[in-house]
Structure formats: C-alpha cells, structure tokens
1. To make sure I understand the rule: partners must be lysines, Cα under 17 Å from the Cα of Lys149, and not fewer than 8 residues away in the same chain. Which ones qualify?
2. Among Gly258, Ala379, Ala392, whose Cα projects farthest towards the positive end of the dipole of the chain, with charges put on the beta-carbon of Lys, Arg (+1) and Asp, Glu (-1)?
3. Counting only residues 5 or more places away or on other chains, whose amide H sits under 5 Å from the amide H of Phe99 once H atoms are built in the peptide plane?
4. Can you give me the angle between helix 436-446 and the longest principal axis of the chain, using Cα atoms only, in degrees from 0 to 90, rounded to the nearest 10?
5. Just the Cα atoms of segment 3-49, one point each, no solvent: what log10 I(q)/I(0) does Debye give at q = 0.15, 0.21 Å⁻¹?
6. Take Lys327 and Ser400, extend 7 Å from each Cα along the Cα→Cβ direction, and tell me the distance between the two endpoints in nm.
7. Helix-derived [θ] at 222 nm for the chain: sum -39500 (n - 2.57) over DSSP H runs of at least 4, divide by residue count, nearest 500?
8. Could you work out how far apart the two model spin labels at Thr163 and Thr370 are, taking each label as a point 7 Å from the Cα in the direction of the beta carbon, and quote it in nm?
Amino acid sequence: MNKENFAGFYKKSIAERQRIAAREFAMNDSEKTLLTKEGPLPFEVANRLIENVIGTYPLPMGLATNFVIDGKDYIVPFVLEEPSVVAAASNGAKLSCGFTTKADDPIMIGQVQLVSENPSENVIGTSNGNPAGSPSTASNGNVTNAALKIVTAKKELLEFLKTVDPILVKFGGGPKDLISTVLKTERGEMIEVQLLVDVRDAMGANAINTMLEKLAPKLEELTGMDARLKIISNLAIYRKASATTVWTKEMLNESTKGEVKGEEIIERILDAYAFAVATPFRATTHNKGVMNGIDAVVIATGNDFRAIEAGAHAYACYQRNYTPLTKYYKNKNGDLVGEIELPLALGLVGGATKIHPMAQLSLKILGVKTAQELARVIASVGLSQNFAALRAIVTAGIQSGHMKLHAKNIAVQAGATEKEIDEVAQRMVEAREVNQGKAESILKEIRGNAPPKGKMIIS
Ligand code: MEV
C-alpha cells in the first residue's frame, strides 16, 4: 500500500475510491464484490452520512417480541452482531407483567466555556486570587462578576436565542434556561454556561450547537471573556427515561420448568444486583448487558449510540460511585420488581434517522410517534435485557444460549456442509465444548473419516 495514492481521497467519487482501495489492498474478485455490492443503504446516501465512503457494512437486524409497554404492544427492531441478545430481550419481556414507563421533556444541555482573555486572570493560587507577579487587575472576583452579568442578562439572551431557531419554538421547543457557574479548574477559574433547550423530536446536537455559536459572541461582549468550547453535553440529565416491571415467582418458576424455583431465582437475582452495587467490576458488565439491547435499538433507529453510551455510563456514576443503571427489589408479594432510569437523547428527525432507509423502516415497525415514546420503549428494552442476562447467569449460565449460534459458526469454519451444520453445532453444545477441534472431530465421526465432499476442513 502506498499512502501517496490516498492523497485527496475525499475528492474522489465512490467508484474511484473503491478502485483505489481494491488496488492498494490487493483485493481479489470476491473482496471487490463485497465492496461494490450495494445493499439497503444506497452508496449515495452513505456518502452523505460520512466522509471517504468506500462501501457499506451490514449487521444482522432482528425483531424482539413480546413487549407490552404502557398497555401497547411493540415489536422492536434490534441491529447487532451478538447471539442471544434478541432472544433474551424477547424472553425477559414475555416473562414480565408489562412495562410502565416515563420520559422527561426532551431538554438537552449545551455548554459554553468562558476563560479570561488574559490567561493570568484565570489562575488561582495567591491570597488576592492572582498568580505571583501577575497584573493586579486580575482577580477571581472578575470571573464571579462576569458570571453575575450573565445571570442578569438571562432573559434577553433567551429571547435572542428564540430567534435563532423559530421553527423549534413554533413546535413548542426552544431555549428554556441559562445557568452560569464559576468553576475552579487546574488552569484557574472559568465560567461554565449551561444552555437548556427543549429540542422536541430531535437528538438536539445541531440545534444546540448552532445556538451556542450564536450565543458565544454575546457572552464575550457581556463578560469580556473568551468563549472557547461551545458544544452539547452528552450527560443529558434532564432527558431521562425510566421503566419498571414485575416478574412474578410463578412466571419465573415456569421459565425453568421448576428446575430452579421462582423464589430462588429472585433471591439469586437480588444477590447478583447487590454484588453489582458493591463492585464496579460487576456493575460495568451489568450495564453492558443493559446496553446490549439499548444500543441495538439505538442503532436500528439511526440514532447516535456513542452519545447514548457516553451519557449512560456518566449517569451511572453521576454524583455517586459507578453503579448499575437498573434496580431490583421484592414487592410485598415476594415478586421481583425491576426498574431502570437513564438519560436517552434520541431523535426521530435529523441525521441518519431521517435518511437511512433501514432506520425509517425500524421506526415504522416500532410505530413510535415521538422521541419520548422511543425513549420509553428503549428504557423497557434495557430493563428486559438486563433481567434476562441476570436470570440466565444465576441459573443455567450464559453459555448454553450464547453458544447455540456461535457453535453453528464454528461448525461452518470447521468445514461443515449445510446438512451437517446443525448436527455438529448441537453435539458441541451438548458436550459443552464449542471449538474448532471438537467440530472437526465430530465431523470426522459423522463422515466416518471419509474425506469431506465439497468443503475442506480447515485445521
Ligand atoms: C454479555 O454480552 C452481557 C452479559 O455479560 C451481561 C451480564 O453479565 O449481566 C451477559
């Protein structure tokens, strides 16, 4: 590969980029086909979503079933690569008594960082707040006064911001509040201005960032400080969604066909939950299980899963140690109550949600009318997913479910033909030994050591 040949890559057409990539990475014909075959996301749309596009990358899309949320039935599209997740979420929902949910108004936070134009004014450390040898005009009081000026001008600033996005205001959204705080940082005092905006059915990043950039010069004029960062915060604490449900002893009992009693499953789940509260090493994996379902729906609907992930994990340790995003306890009947609460900044308009045909299809399947409704569905999915993982790991363990599909992949890698895959996979799962060596030895047995017809065994 010669990196010079990628100069100006962004200016080339997709076809040219594909030709360059194919040549530079010595692609064979089938690799070239992988790159050039157009799928449900047309190249021309992909090219408007990111830069330097050379192809698209499909992932499996499945439907999670059995969700009854606030009395309404939902079928939920999942996009992800991990086996068992769709089945687990569907099963968790099936065993539940249905989900009751809530979603906050879609209020997002944007931040402006204000620093003094004269860097010495920011530095704390001497009795008068000035660094040794710095000009006497610099003081912490200046920064506090600047923050007060913003508070005094709040009403006018919010009125001005309404003119920046009149459409959002027309639909009932728009700027709602402006909060300024003096922060003591390792580089001295700074002002954090938080702008709170109701972004309605948008994820909100564009609306907020545009407003912040318009607000910044006004803040500079008002305070004499320098507006540096002007960007959305992904810790969307005012845009949370929550869900709760009950899993009865009876349903849990049935779910293991009485092998492990319902009461016992509840006790074990409560122990697992207490363990996650007590150690961040478990809490992280517990929350990974929550996010398995959440991310899959966020991706299916074309939303920004990095923003959701960042917000969820920050919320898990917001003003506390890192803890589970879900909670479990027993109600007075001795049944298991599960709850979840997390920030969910999701959109139905803008970005990939609007232009990715598969995202549009996912939203059609879901039948959600607002971003808040989508957030309520996704919160329920996170709870169901987490419960199902806990139920599995406190009973049979996760591997038996996980391994069913994985075993089929291993069988294929070992050279099993279409007719042989299921048998090889099943025998590996039964033997609790899922690896290529085992697949090959099962294949040998099946074939009576005869040479394979068609595919070669890779050893
Ligand atoms: C695997 O993707 C997710 C789990 O590890 C979650 C958990 O341990 O709770 C099964």
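Nothing in this text is a laboratory measurement; each read-out follows from the coordinates by a stated rule. Just so it is clear, the structure is predicted and the values come from calculations on it, not from any experiment. Heads up, the Cβs are rebuilt from the backbone with ideal geometry, glycines too, and the neighbour counts pull from every protein chain shown.
1. Cross-link targets: Lys218.
2. Gly258
3. Val68, Ile69, Asp70, Gly71
4. 20 degrees
5. -0.42, -0.78
6. Between Lys327 and Ser400, the label points sit 3.3 nm apart.
7. Values: 18 runs with 220 residues, N = 459.
Helix contribution divided over all residues of the chain: -15000 deg cm²/dmol.
8. Each label point is offset 7 Å from its Cα along the Cβ direction, giving 3.0 nm.
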